[in-house]
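The values are calculated or read from the model by the stated rules, or taken from the named source; none is laboratory data. Bear in mind the structure is a predicted one, so any value in this text is a computation, not a measurement. Glycine gets a Cβ as well: all are built from the backbone with ideal geometry, and neighbour counts include every protein chain shown. Keep in mind that these areas ignore ligands, DNA and RNA; they rest on the heavy atoms of the full protein, side chains included. Shrake-Rupley method; radii C 1.70, N 1.55, O 1.52, S 1.80 Å.
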Amino acid sequence: MRHVFRTSGRVPRRSGPGQLCLCALLLLSSLEPVAQAASARSSHDATGIGSFFTSVGHGITSVFMPGSASAHGHERARHRRRTVRHHAAAPVAPEPGFGVPEGTIAAHALTSSDSTLRLVEWDGQTTTLQTGSHAAKPAWMAVLVTGTQLAQACAGGWVHTLDDSPTCGIPGGVSDLALTWDRSRLATAPGWPDFWDVARHPGRRGLHFGARTTLEIALLADGVAPQDIYPTLSTQAGVDRAFRKLDLLRPYIVWWTTAADAARIMEQSSALMLSAPSTEVTSVSSRVQAGAASSLFVAGTQNVLRTPLFWAIPANIPADSAHRTLAQLRMHAPHLEDMPGPVPPGNTPTFLTVSDTFWSQHGEALEQQFEARFAPQTP
């Protein structure tokens, strides 16, 4: 080895790339016999110079040959996996239902030969009717309303007119408002005069917050015969008489606005007696049997205030759908009527039919008087 290096001559300080490569090749070729001799030794001599140069050769090879990992990395870059997103189809909105008073569904108070009708309850408020009839998305295919609401909706264009009728609705049954009491605290059936007798029957009283039906009840409690109610209310003296009667009971009154409010009064036993829709009395009674309510309210059968109801088709229902709905209503004649529980023998129900004619003429003025007199005073 010393002879080889002596005869190779001195390498200039400044050598070009070609000279360096030539030197490297000469070095490897001169060492090849030595490496072959080393490989002939026993296999346990793994630390010898042959092993060293073998590793050097692999290192040089790796410098000039691209690694498999690098090649695979480029391959992965070229074939990047695409993520495909599948969008779920939007759920189909259900068709608008048939609007019925609150409590109707639980009471099973609507009779119809068509069991496929989808019923939805509404609160019976005129403002709700107006809003629902103008909404972009209809709430009802048809809705049960009072005669007074029907006249207002027809005049205002809230509902479709009927081809063969001067009105905008067809008969749909009745809604009853009865004197209701907690039988766990009062054993005998009271009348409207007993409703005002807080000395004999102490406790709160529930009444609808509004002139309609509440003024009639006040006059019934004051001794006016059912057939004389509207002639009396048609005079200012009769209106004053009804308001004075209500003033006597004012400290004991729990006001309710919707039928659902009346149901909560019964469920929570918040009053001894109240005026309440018969459908809600039946509905609450069914929940009492299931253990959901703690009160035991029953409805009386004397001087029940009965309101005729009519089916109306909101104006936001398309004309072709309105024609199909009207044909469906006439064919199956859905009808609302609910008298809760069996009537005892000899106790024939008596009714006072609420006059839509009277309330269409005088309702706005009387409601304003009622609101001004009984609305909560805010400081």
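Each row is one residue, and each column tells you yes or no for (1) assigned to a strand (DSSP E or B); (2) over 32 Å from the mean Cα position of the chain (by Cα); (3) hydrophobic (A, V, I, L, M, F, W, C).
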position: VAL174; (1), (2), (3): yes, no, yes
position: LEU186; (1), (2), (3): no, yes, yes
position: PRO190; (1), (2), (3): no, yes, no
position: PRO193; (1), (2), (3): no, yes, no
position: VAL198; (1), (2), (3): no, yes, yes
position: GLY203; (1), (2), (3): no, yes, no
position: GLY210; (1), (2), (3): no, no, no
position: GLU216; (1), (2), (3): no, yes, no
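Could you list, in sequence order, the residues of region 102-147 that are open to solvent by less than 30 Å² (accessible area, probe 1.4 Å) and hydroxyl-bearing (Ser, Thr, Tyr)?
THR104, SER133, THR146 - these are the residues of region 102-147 that are open to solvent by less than 30 Å² (accessible area, probe 1.4 Å) and hydroxyl-bearing (Ser, Thr, Tyr).
Restricting to region 175-207, name every residue that is of a type in the set (A, V, I, L, M, F, W, C), modelled with pLDDT under 95 and open to solvent by 30 Å² or more (accessible area, probe 1.4 Å).
Taking region 175-207 and keeping what is of a type in the set (A, V, I, L, M, F, W, C), we get 177-179, 181, 186-187, 189, 192, 195-196, 198-199, 207.
Among the residues that remain, those that are also modelled with pLDDT under 95 are: 186-187, 189.
ALA187, ALA189, listed by residue number.
Looking at region 285-297, can you tell me whether even one residue there is in contact (Cβ under 8 Å) with a residue 12 or more places away in the chain, assigned to a loop (DSSP other than H, G, I, E, B), out of contact with any strand residue (DSSP E or B) (no Cβ under 7 Å at 6 or more places or on another chain) and buried (at least 18 other Cβ atoms within 10 Å of the Cβ)? Step through it out loud before you land on a result.
Of all residues in region 285-297, those in contact (Cβ under 8 Å) with a residue 12 or more places away in the chain come to 285-287, 292-297.
In the following step, the residues that additionally are assigned to a loop (DSSP other than H, G, I, E, B) were identified as 292-296.
Keeping just the survivors that are out of contact with any strand residue (DSSP E or B) (no Cβ under 7 Å at 6 or more places or on another chain) gives 292-294.
Those still in the list that are buried (at least 18 other Cβ atoms within 10 Å of the Cβ) too: 293.
Yes; the residues of region 285-297 include at least one that is in contact (Cβ under 8 Å) with a residue 12 or more places away in the chain, assigned to a loop (DSSP other than H, G, I, E, B), out of contact with any strand residue (DSSP E or B) (no Cβ under 7 Å at 6 or more places or on another chain) and buried (at least 18 other Cβ atoms within 10 Å of the Cβ).
Scanning for something assigned to a strand (DSSP E or B), in contact with a Phe, Trp or Tyr (Cβ under 9 Å, 6 or more places away or on another chain) and crowded, with 16+ Cβ neighbours inside 10 Å, does region 222-241 turn up at least one residue? It would help to see each step written out before you state the result.
To start, the set of residues in region 222-241 that are assigned to a strand (DSSP E or B) comprises none.
There is no residue in region 222-241 that is assigned to a strand (DSSP E or B), in contact with a Phe, Trp or Tyr (Cβ under 9 Å, 6 or more places away or on another chain) and crowded, with 16+ Cβ neighbours inside 10 Å.
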